[in-house]
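One structure below.
Only the coordinates and a few stated rules stand behind these numbers; no lab work does. Since we're looking at a predicted model, the values are computed, not measured. Here Cβ is always computed from backbone atoms with ideal geometry, including for glycine, and neighbour counts include all displayed protein chains.
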């Protein structure tokens with residue numbers, strides 16, 4: 001039996017009891033007592049394909065670039081503090097480490113880009129709202145300062161220039177060690193983008209732990225107090241930020257604890273805690289301090305590689321893109337939407 005209803009568009013026919021209710025995704029909310037005639041749809045993408053473009057970055061190049069840039073920037077800050085407190089041995093080791101790390105970092109970046117001209121092209125404009133643009137200029141200004149700081153420390157020539165270079169490298173180094181967190185967060189990759197709040201703190205802590213660890217491992221034992229304090233403080237910040245990120249992201253944080261990426265991240269945390277314990281024991285046994293410092297450098301590398309792999313895993317699995325967007329829509333935030341194919345595809349780092 002059908003019924004008719006007169007509307008502004010004319011006579012509309014309908015059949016009672018034949019309207020299919022699909023729940024919250026039907027366009028209206030079910031009233032209490034209404035039974036869904038069709039189950040809610042479960043999301044699947046086309047043949048299980050990702051719904052965003054996965055980054056085309058090489059793991060060895062870009063994960064190494066993230067690690068080495070952080071080590072370089074934090075080492076410059078430690079070098080300035082060591083100079084100001086009269087720890088010449090730690091200052092020299094940190095300046096040398098910063099120079100070696102930034103040169104290797106730039107080499108990894110250029111290798112991933114394919115040719116040096118592509119990096120130089122990034123300097124044609126300066127866009128404060130672009131982490132890639134800001135990062136390119138940061139690297140271009142920081143590298144000469146770090147090199148000049150190390151050169152004057154080893155030769156003893158031009159001490160005034162060396163002091164200015166050390167100060168400049170320390171100032172720029174704080175940005176070099178953390179801007180990559182903004183760079184990867186400014187993409188559609190779920191595990192990176194959704195962690196934008198904690199990622200800078202995680203990178204800063206990891207960088208500080210690595211810089212302090214390098215000075216502990218290679219610097220004079222008599223001056224180990226300052227780098228030990230920096231390494232332990234960095235370790236505490238890194239662990240706190242990592243746990244806060246995983247707790248807040250919920251399901252999207254699964255790649256940080258599961259699969260290959262989860263293995264790297266958790267291994268990094270375990271090595272970090274072992275390194276911190278050895279660094280503390282180094283107060284009484286200097287050789288343990290050196291071992292602890294080395295472990296903290298290794299831990300920072302594992303963490304950066306783990307974060308990189310976690311992002312790749314979340315980009316490849318469509319559920320990390322769509323399900324959080326669907327949850328936000330159901331919470332009454334209609335402005336959110338799932339990125340379409342190719343939307344906000346990660347740009348090459350710089």
Within 10 Å, count the other beta carbons around each residue, average over each peptide in 164-174, 280-290, and list them highest first.
164-174, 280-290
Mean-position separation - Cα centroids, the stretch 236-256 and the stretch 142-215, in angstrom
23
Could you give the length gained by full extension between residue 196 and residue 118, i.e. 0.36 nm per residue of separation minus their alpha carbon distance, to one decimal place?
25.4 nm
If 130, 75 are placed from fewest to most neighbouring beta carbons inside 10 Å, the sequence is 130, 75
The stretch 54-306 -> Rg/Rh from Cα coords, Kirkwood Rh, value 0.97
Order of 147, 102 - criterion: other Cβ atoms within 10 Å of each residue's Cβ, fewest first:
147, 102
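Please give the contour-minus-distance gain from residue 174 to residue 221: 0.36 nm per residue of separation, less the Cα-Cα distance, rounded to one decimal in nm.
Working: separation 47, 0.36 × 47 = 16.92 nm, distance 2.58 nm.
My answer for the length gained is 14.3 nm.
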Using a 7 Å offset from the Cα along the Cα-to-Cβ direction at both residue 163 and residue 281, what is the distance between the two label points in nm, to one decimal?
4.2
What FRET efficiency do you get for residue 155 and residue 56 if R0 is 41 Å and r is their Cβ-Cβ distance, rounded to the nearest 0.05?
0.45
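Please work out the FRET efficiency for the pair residue 328 and residue 258, using the Cβ-Cβ distance as r and a Förster radius of 35 Å; give the result to the nearest 0.05.
On the way: r = 23 Å, r/R0 = 0.65.
For residue 328 and residue 258, the calculated efficiency is 0.95.
For Cα pairs less than 8 Å apart in space and 6+ apart in sequence, what is the mean separation divided by the residue count of the stretch 54-306, i.e. the relative contact order in percent? Can you show the working numbers first?
Working: 442 pairs, mean separation 53.0, N = 253.
Relative contact order for the stretch 54-306 comes out at 21 percent.
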Residue order, fewest to most surrounding Cβ atoms within 10 angstrom, among 298, 265:
298, 265
Relative to the present Cα-Cα distance, how much length would full extension add between residue 251 and residue 288 at 0.36 nm per residue of separation?
9.4 nm
